[in-house]
Amino acid sequence: MTQYGPHPVERQLPTEEARDLMALVRELVQREIKPAASEEEFAGRFPRETFRLLSASGLLGLPYAEEHGGGGQPYEVYLQVLEELAAARLTVGLGVSVHSLACHALATFGTKEQRAEHLPGMLGGGLLGAYCLSEPSSGSDAASLRTRAVRDGDDWVIDGTKAWITHGGVADFYTLLARTGGEGPRGITAFLVPADAEGVSAAPPEHKMGLKGSPTAQVHFDGVRVSDTHRLGEEGQGFAVALSALDSGRLGIAACAIGVAQAALNEALAYTHGREQFGRPLADFQGLRFMLADAATQIEAGRALYLSAARLRDAGRPFAQQAAMAKLFCTDAAMSVTTDAVQLLGGYGYTTDFPVERYMREAKVLQIVEGTNQIQRMVIARHLAGPESGK
């Protein structure tokens with residue numbers, strides 16, 4: 001992407017290895033992702049070959065252990081890679097984040113044998129994952145999910161429908177949360193379900209205002225049978241598994257949001273420097289300069305916030321509150337910056353001749369996925385003031 005001044009993440013990379021990794025990512029972005037991003041999104045084409053290339057390049061398993069095919073990178077580095085990918089095409093950046101989310105339960109709660117059997121293919125073997133938590137009647141209230149898994153000897157039989165599943169219908173495996181006990185969060189268990197298991201099917205993708213290249217679909221599980229070796233963690237531990245994954249996933253969404261915002265700011269800078277009105281560049285007008293300054297400040301603050309949370313995670317310290325803050329602030333910032341970028345380009349910003357209209361449409365969904373920003377405020381408030389009275 002066009003860049004004015006030093007690259008915004010250059011000073012944030014902690015090691016020479018990380019800087020070399022980022023150089024690889026930027027080369028791949030410029031050669032394979034960015035040139036056709038607008039055309040591919042307009043056509044609604046899912047970039048499966050791009051994900052295979054990312055897997056072969058070691059970029060689908062960056063935050064996971066090298067012994068299982070991961071990159072062994074700290075979250076601080078992984079998130080900056082996500083930002084770079086999302087700035088080129090959000091379908092790709094968000095897809096990597098969702099894949100990492102789908103790998104989390106196995107990598108964190110799986111047995112040694114489960115990790116050895118499945119993780120190499122998931123992290124570097126070209127497989128792509130999806131995360132199945134939300135349902136048609138339970139989104140923010142995830143603890144009320146209805147998909148059920150019933151024990152049958154050494155197997156589990158799963159019935160239910162998941163909704164709003166990124167990569168639904170194109171994933172190779174699903175990390176699934178299902179009810180195995182009574183009502184509430186303690187009756188939920190996590191499972192690893194191969195996409196080609198008998199009884200797994202996907203509805204046609206949803207028609208969305210943005211992210212048209214990223215399929216979002218309901219996934220149906222009709223009498224799907226998996227062995228107990230596909231259970232991740234203990235019975236009844238699934239809700240804790242889900243929350244653990246979402247804390248990390250929210251940082252991925254925050255990084256993607258800053259990537260989209262940075263891309264929008266870069267377009268606005270290029271346009272206002274190149275477009276003249278009243279005999280001088282638009283970038284000379286103080287009112288527009290202030291909009292650019294505000295956008296850059298929001299981006300810098302958001303980047304600092306998600307990196308601060310990532311460093312807590314890397315240090316093994318609690319970071320759930322900071323992850324919610326980062327997701328909230330960064331996605332709100334992306335919505336603000338992309339809206340202003342459209343305004344700065346005037347009528348051109350409202351056309352598909354420039355990508356800022358796409359960035360604005362894409363930014364909206366980031367305020368919704370992996371916990372709406374209203375849910376993030378609830379999470380933050382509970383960390384600050386404790387549970388609501390009567391809870």
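The values are calculated or read from the model by the stated rules, or taken from the named source; none is laboratory data. Just so it is clear, the structure is predicted and the values come from calculations on it, not from any experiment. Reconstructed Cβ throughout: ideal geometry from the backbone, glycine too, with neighbour counts over all protein chains shown.
Restricting ILE368, ILE299, ILE380 to residues that are outside the structural domain of GLU40 (by TED's automatic domain parsing), under 17 Å from LEU79 (Cβ atoms) and at pLDDT 95 or above narrows the list to ILE299. Could you run through segment 12-53 and say how many residues are small (Gly, Ala, Ser) and either surrounded by 19 or more Cβ atoms within 10 Å (Cβ to Cβ) or farther than 28 Å from MET209 by Cβ (or both)? Total meeting the criteria: 3. Filtered by the rule that a residue be over 17 Å from ASP196 (Cβ atoms), part of a strand (DSSP E or B) and either touching an Asp or Glu at 6+ places or on another chain (Cβ under 9 Å) or small (Gly, Ala, Ser) (or both), segment 132-155 gives SER138, ARG148, ALA149, VAL150, ARG151.
Scanning segment 10-58 for residues that are closer than 19 Å to ALA263 by Cα, touching an Asp or Glu at 6+ places or on another chain (Cβ under 9 Å) and of a type in the set (S, T, N, Q) returns a single hit, GLN12.
All of (1) at pLDDT 95 or above; (2) over 30 Å from GLU39 (Cα atoms); (3) out of contact with any Phe, Trp or Tyr (no Cβ under 8 Å at 6 or more places or on another chain) hold for ASP228 with one exception: (3). Note on segment 64-92: residues that are out of contact with any Gly (no Cβ under 7 Å at 6 or more places or on another chain), assigned to a loop (DSSP other than H, G, I, E, B) and more than 21 Å from GLY169 (Cα to Cα) amount to 3. When the residues of segment 316-371 are filtered to those that are β-branched (Val, Ile, Thr) and assigned to a helix (DSSP H, G or I), the one that is farthest from the chain's Cα centre (by Cα) is VAL342. In segment 245-258, the residues that are assigned by TED's automatic domain parsing to the domain that holds ALA320 and within 16 Å of ARG361 (Cα to Cα) reach residues that are crowded, with 24+ Cβ neighbours inside 10 Å and at pLDDT below 95 with C-beta atoms within less than 7 angstrom, at least six apart or across chains, in these pairs: ILE253/GLU370.
In this structure, ILE375 does satisfy being touching a Ser or Thr at 6+ places or on another chain (Cβ under 8 Å) and either closer than 19 Å to LEU94 by Cα or assigned to a helix (DSSP H, G or I) (or both).
Picking from residues in segment 198-234 that are in a strand (DSSP E or B) and aliphatic (A, V, I, L, M), the one that is nearest to GLY169 (Cα to Cα) is ALA202. Scanning segment 245-293 for residues that are crowded, with 16+ Cβ neighbours inside 10 Å and in contact with a His (Cβ under 7 Å, 6 or more places away or on another chain) turns up ALA245, SER248, ALA283.
The criterion of being among the charged types (D, E, K, R), out of contact with any helix residue (DSSP H, G or I) (no Cβ under 7 Å at 6 or more places or on another chain) and surrounded by fewer than 23 Cβ atoms within 10 Å (Cβ to Cβ) does not hold for ASP332.
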